[in-house]
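To start, the structure itself, in structure tokens.
Throughout, read-outs are computed from the coordinates displayed, never taken from laboratory work. For clarity, every value in this text was computed on a predicted model and none was experimentally measured. Neighbour counts are summed over all protein chains in view; Cβ atoms, including those assigned to glycine, are modelled from backbone coordinates with ideal geometry.
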Amino acid sequence: MPEETAYRKIIHIDMDAFFASVEQRDQPALKGRPVVVGGDSKRSVVAAASYEARKYGVFSAMPMALARQKCPDLVIVPHRFSIYKSVSQQIRSIFHQYTDLVEPLSLDEAYLDVTHNKKNIPSATLIARDIKQRVWEDTNLTCSAGISTNKFIAKVASGLNKPDGLTIIKPSKIEAFLDELPIEKFFGVGKVTAQKMQNLGIFYGSDLKKSAMQELIHHFGKSGKYYYEVCRGIDHREVSPDRIRKSISVERTFEENIYDQQRATQVLSDLCNELGHLLRKVIRREEHYI
């Protein structure tokens, strides 16, 4: 196979500040303002933050109380998950016009394998540009795209030039790109792991590449093999439309801590019943496809 066609063509599409952008789209008065989606109680956390809010250091998963401290003019909007899900389905229908190899990661991001695509477009870059344009025309929302030969690099690339970005990492550029990539930009390396790596003298991909696999496994457990491979651009994972769900959960946040054992037991019982109901729905849905 000629070198130029020997690689898979993987696109990672990531909507830009999805929940917050939907709210700004639907409520024009919110455009240009620091908006977060989430609850307004003292125990609430930020579900999504607009780019205007991010300038103040407000990000998703941050306690709402801290977000308010960072941005006194913060606009808090309650979530509308049914709307976000509907828009997400609209976006995925666009993806499926190009390929059936679509692997959603959440409502706002997905991998696409366009090596062989329905429109017979030879360039993944042209496909990504097409998709971005279609998403904008159909939803009035922007997204960012990362394009490369595997899922890991495409995922990292999509986050580099947000919002409304398009980043291509060609095969000949992968080694240099990963060598110069700060370790905290590696997908799968969180704050705690990044700090641990930096304590070991690992600051960039080139530093990570100097470590033997067994050394990384010693420090990071089974993730060590993953780090060893991805810093070398190795990621053989396929884009899987039928990705197996690995977890399911329910939760409830309370304004105040619960210290009464009887009430705590009742809450736990209610959550167990809710989880059981959800599990039965999932099982019935899976049986329908078997």
Discussion item. For a quick check of your reading: which helices (runs of 4 or more DSSP H) sit entirely within the stretch 111-222 and have at least 1 residues that are free of Cβ contacts under 8 Å to residues at least 12 places away in the same chain?
Written reply: 124-139, 174-180, 191-199, 213-220
Worksheet item: Could we say that residue 249 is within 20 Å of the chain's Cα centre (by Cα) and under 28 Å from residue 65 (Cα atoms) here?
Response: yes
Response to the item:
Note: among 92, 8, 80, 54, just one is closer than 28 Å to residue 153 by Cα and either surrounded by fewer than 17 Cβ atoms within 10 Å (Cβ to Cβ) or polar (S, T, N, Q) (or both), namely 92
Practice prompt. Out of the residues in the stretch 135-178 that are among the charged types (D, E, K, R) and surrounded by fewer than 16 Cβ atoms within 10 Å (Cβ to Cβ), state the one that is farthest from residue 25 (Cα to Cα).
Written response: 175
